[in-house]
Structure formats: structure tokens, C-alpha cells
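The values are calculated or read from the model by the stated rules, or taken from the named source; none is laboratory data. Because the structure is a prediction, the values reported are computed rather than measured. Here the Cβ is made from the backbone with ideal geometry for all residues, glycine too, and neighbour counts use every protein chain on show.
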Amino acid sequence: TLQDSGAFMIPFLILLVLEGIPLLHLEFAIGQRLRKGSVGVWRSINPYLVGVGIASMLVSFMVGMYYNTIIAWVLWYFFNSFQDPLPWSQCPVNENRTGFVSECEDSSPVDYFWYRKTLNTTPVIEDSGGLQWWIVLCLFCAWTLLWVCCLRGIETTGKAVYVTSTLPYLVLTIFLIRGLTLKGSVSGIKFLFTPDLDELLNPSTWLDAGAQVFYSFSLAFGGLISFSSYNSVHNNCEQDAVIISIINGLTSIYAAIVIYSIIGFRATERFDDCLNGNILTLMNTFDLPEGNITESNYDGFLQHLNSTVPAVFQDLQLKTCDMQTFLSQGVEGTGLAFIVFTEAITKMPISPLWSVLFFIMLFCLGLSTMFGSVEGVVVPLQDLNILPKRWPKEVYTGLVCLVSFGLAIIFAQGSGEYWLALFDGFAGSIPLLIIAFCEMMAVAYIYGIDRFNDDIKFMIGHKPNFFWQATWRLVSPLIVLVIFLFYFVTTVSKELTYIAWDPQSENFPTLETKSYPDWIYAIIFILSGVPALVIPAVALYKLIRNRCCAKEEKHTAAEQLYSISDKIQIPDELDRASRSLH
């Protein structure tokens, strides 16, 4: 997800060290030691903690459902990459054959292909727009491919990850080399490393950074616990956690540099187009010769006009051309891959080749992430014994993929991107924080940190150092709690909005900020509230059930005692009677 440059990078790196690394080590260690999935692990620690595993399963299910939709979009672009020129490199001709489609002319070919030809986006979330058959077909392909890749289990997926994890570095390097040759790329990289102190005080920035840490490591989804249960019991999980964290952090920075080099180019192009449009308007209005107004004297000319003919100046309604604004706007969410990078691809020689390579990379990345999501659902389902135990794992996986595909149809509507953004914003943020908090508290204070230290010493030969002790006991849970509380307070006090593509808007092609309808808050509660409330709900259910069972057991035991007592008393009375007769 694209965020606010330096305002995002700083909290991301802080949370990576104080939150991501400790929780990664904890999940590796607890799964490796107890040899179970997320439900089984927390049930072993305490039966009242089964809800933590169920919450992880629900989040994995919801996130996987929309994440694989992004893979479906990737497949759509991949199939469209075998054309020269690429279909998003130029605007299509209108029906009258008199010019280009106005929606494309007013925006750009890449925007038009994404919002109209791919998503067929509606202007509001209330308007479903019907199902887009090409997205439904790609969605079916995405879930089928995932199921096929998961058929052979952990052995096959483990081998596949070697390919899916190395290809992106090659592609990113190619894009970085190309990005640095484009005009304005340096401006984008400078913007990336320029912190915005106001944004650093915004709890949403920290929540987004925290969510990105969880996503980049797949923390609190349950999949890592399941995967680590396959490790050797004496595998050095501490070393794994540190190495993976360093690679992950450096990769995130490297990818951000690549992304912002291209965003800098895109922002520069938009700035130049805006400025040239205003200059053309001024030249036509005041009948000035070409070259009279340039970029260097543009601001001075505007000040002169505003002071001499303010009425005429106001009537011109010139666009505001600010480089920092164009840089900060960037592209929200999924548009990063499908707008920014596709535009960069069109500037490359042999662009179809680079397009195919780029979307293969995205498919590999998405697939490797989905392995963990599916594992985070299938293993808990087996642990909960909801379905027949005799069913093989392939059937469980197929059932999860089938149900997910059926529900993910909502993302194939014209309003699908709005629904995906809703799931992304609420299913994969707050619940993850709550699950992570419960995991750390459960290990440190219920399982017992001393017992956990002994387990780690048994596995790797030495106890965890002060850093691990401090983060597990206090620092990490406290950070999660503070972020959650600040975010909760700020969110409930403001109106929730979403970003919409509306060709009828006055500010088009700028994305329009719109308020959610009232009924959407019920959906938000289901996405955020249900996984979080499952944890105390299951604990309460277990408590009530245990107390009821305890009373029944006492009652049954008492009845048995009375029955035994009666049997004992009857022979005693007979014995006394016989003795009295003698």
C-alpha cells in the first residue's frame, strides 16, 4: 500500500524493530515447540485462548479473499500484455470515430484502462454496477491456480517460494535502472526520505505502518505458526527471525525507492501538463506570442496579473500546479501497481516484454503470500474438528478456495474496488493488532515467559537476550495497545470516507472523497469487530460450559454417592437385624 513517504517510512522502520521482529520470533518459536497450527497452539497453552486461533483464521480468510482478487487483476493485465502497443498506452477512439473517448482524454490512458476497461468502476459504492465477467473469469483462474499449487502441501509450496521470492529482486532492479533515467525520479526519491512531522502525529499513519509490518511478515494470520510447526525442533528460529527481518526491511526500502522514482516521474509529468495547460490558457486569453511565458517566469506573471487585472485573473480558473501535491497524492492502494508501474512500462522499449515480466513478478509475490493465508485457514479448520477428520487436506483446501471464490464475487462488481478497499482498511488492520496483543500476553503471562525461555534454550541452545525479553514482556504489547487506543479514539470521532472515480465530478480526474452510506458501518463491524470479539466470546463460552459441566459432574457424583451409600446401608441394616435375632 502506498503511504505518505517519510511520514510512513519512519514509523514503519520503528515498528519493524520493536513489533515485527519480536512477534516473528515468538510465532516461529511457539509453533516450532508445540508442533501445532494456530488453534492447536493456543489451545495447548490454555483452552480459553482458542479464540485467538479462530480470530487469526477469520482474518486469514477475509484477507485471502480480497488478496486473491488482486491476483485476479494481475492475471487480467498479464493476459492483456501480449499486445503491441499495450492497451493502456493510448486512448481508444470514440464511437463516432471523431476523436478519443472523453473520459480517457480528461484523465490518462493508464487511468482509463484501470478504472473503465478493467474495473468498469461505478461512481459510488451503493451502485454495484453488476458483475464484470472478465474479472469473474480471472478470479476463478486465480483460485484454481492457488488450489493446484497447494495440492502437494508444504513440500511443494516451500520449493515454489524459492522462485516466487527471488524473481522480484531482478524485476525491481530493472525498474530502478529505468526509473532513474526518467525525468523527475530524483524528486520522488527525495520526497520518500523527507519526513512530514504532522503526519507522524497522526495515529492512522502508525496504524497503516503497523498493518504493513504485519502484512510484510504475515504476522497474526496464523500461517507462520502452522509453517514453523513443520521445522525441526532444534531449528534456530531466532536466527531465522533476525535474518528474515533484515532482508524484509531492506527489501521494503529498496522497493520504496523504486516506487518513488517512478512516482516522481509521474508527478513531474502531471506538473508539466498542468503548467503547460495554464500557460496555453494565459497565452490565448491575452494573445501573447509563444515563448513569452515560461516555467521560470510563470509565478511572477501570475502575481502581476493578480495585482493588475484581478477580475480577469479570477475568471480564468487556472489549475493549481504544485509539485509537492502531485507527489503526495501518488496513487492510493492497488492503483500503485496498475497505474504507476503500467505507465512506467509504456515508457520502456519492448514494453510488452517488461509488462509480462512485471505481472509474472506480481503473481509470484501474491501467490507466495496466499500460501500463508490458505494455511492459516485450513490448519485451524482441521484442529477445530468442524469437518470430518477423514477428509484429506486437499479437500479442506479445495473447500476453502471454493467458498472464498463464491464470496469474492463481490469484488468483481463495478463497485468491487471500493469493497476491496473497505476489506483492506478494516479486516486487515485492527483485528491484527488485537490478535498480536493477545499472542504476546498469552505467551508472556499465561504460558509463562520463564517456561518459554526454557523452551527456546531447549531448541536453539541458549535463552533469549534482553531485547527479546523486554519486547515480549512490555514494549511490543504496549506499542500495540497505544496505537489501537489512539486510532480507535480518532476514528470514532470522524466521518469515514472512501476515494471514488467519478467522471462527472468537477475535479475529475482527481479522485473524489465520498462518505460511506450508513449501512456500511454494519459491514465494518463484521470485518473489524467479529474477529476481535471472537477471542473473549470463545473464552466466555468455555467458562460457562466448564461451570455447567462442573455442576453436572458434581450432581452426578452426588447421585452416585447416595446410590453407593444406600447400597451400603441396606446390608448394614440386615446385618444388625440378624444379630438382634440371634
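Looking at the stretch 1-108, the helices (runs of 4 or more DSSP H) lying wholly inside it that each contain 3 or more residues that are at pLDDT below 90 and of a type in the set (D, E, K, R) sit at 102-106. Under the condition of being of a type in the set (Gly, Ala, Ser) and in a helix (DSSP H, G or I), which residue from the stretch 281-312 is nearest to Met323 (Cα to Cα)? The extreme case among them is Gly300.
Residues of the stretch 277-291 that are without any contact (Cβ under 8 Å) to a residue 12 or more places away in the chain and surrounded by 13 or more Cβ atoms within 10 Å (Cβ to Cβ): Met283, Phe286, Leu288. Working only within the stretch 178-203, note down all residues that are touching a helix residue (DSSP H, G or I) at 6+ places or on another chain (Cβ under 6 Å), farther than 22 Å from Phe341 by Cα and among the charged types (D, E, K, R). The answer is Asp196, Glu199.
A single member of Ile244, Ile225 is crowded, with 24+ Cβ neighbours inside 10 Å and either within 21 Å of Gly40 (Cβ to Cβ) or modelled with pLDDT of 90 or more (or both), and it is Ile225. For the stretch 355-377, a residue qualifies if it is in contact with a Pro (Cβ under 7 Å, 6 or more places away or on another chain) and under 14 Å from Gly223 (Cα atoms), but none of them does.
All of Leu543, Leu478, Leu485 fail the test of being assigned to a helix (DSSP H, G or I), within 30 Å of Leu200 (Cα to Cα), more than 20 Å from the chain's Cα centre (by Cα) and modelled with pLDDT under 90, apart from Leu485. What residue, of Thr294, Thr334, is modelled with pLDDT under 80, of a type in the set (Ser, Thr, Tyr) and buried (at least 20 other Cβ atoms within 10 Å of the Cβ)? Answer to the selection: Thr334. Within the stretch 89-146, the set of residues being over 30 Å from Arg266 (Cα atoms) and hydroxyl-bearing (Ser, Thr, Tyr) comprises Ser128, Thr144.
Might you let me know whether the stretch 411-425 holds any residue that is among the polar types (S, T, N, Q), crowded, with 20+ Cβ neighbours inside 10 Å and not in a loop (DSSP other than H, G, I, E, B)? Yes; the residues of the stretch 411-425 include at least one that is among the polar types (S, T, N, Q), crowded, with 20+ Cβ neighbours inside 10 Å and not in a loop (DSSP other than H, G, I, E, B).
Selection within the stretch 515-540: residues that are among the hydroxyl-bearing types (Ser, Thr, Tyr) and assigned to a helix (DSSP H, G or I). The member of this set that is nearest to Ala442 (Cα to Cα) is Ser528.
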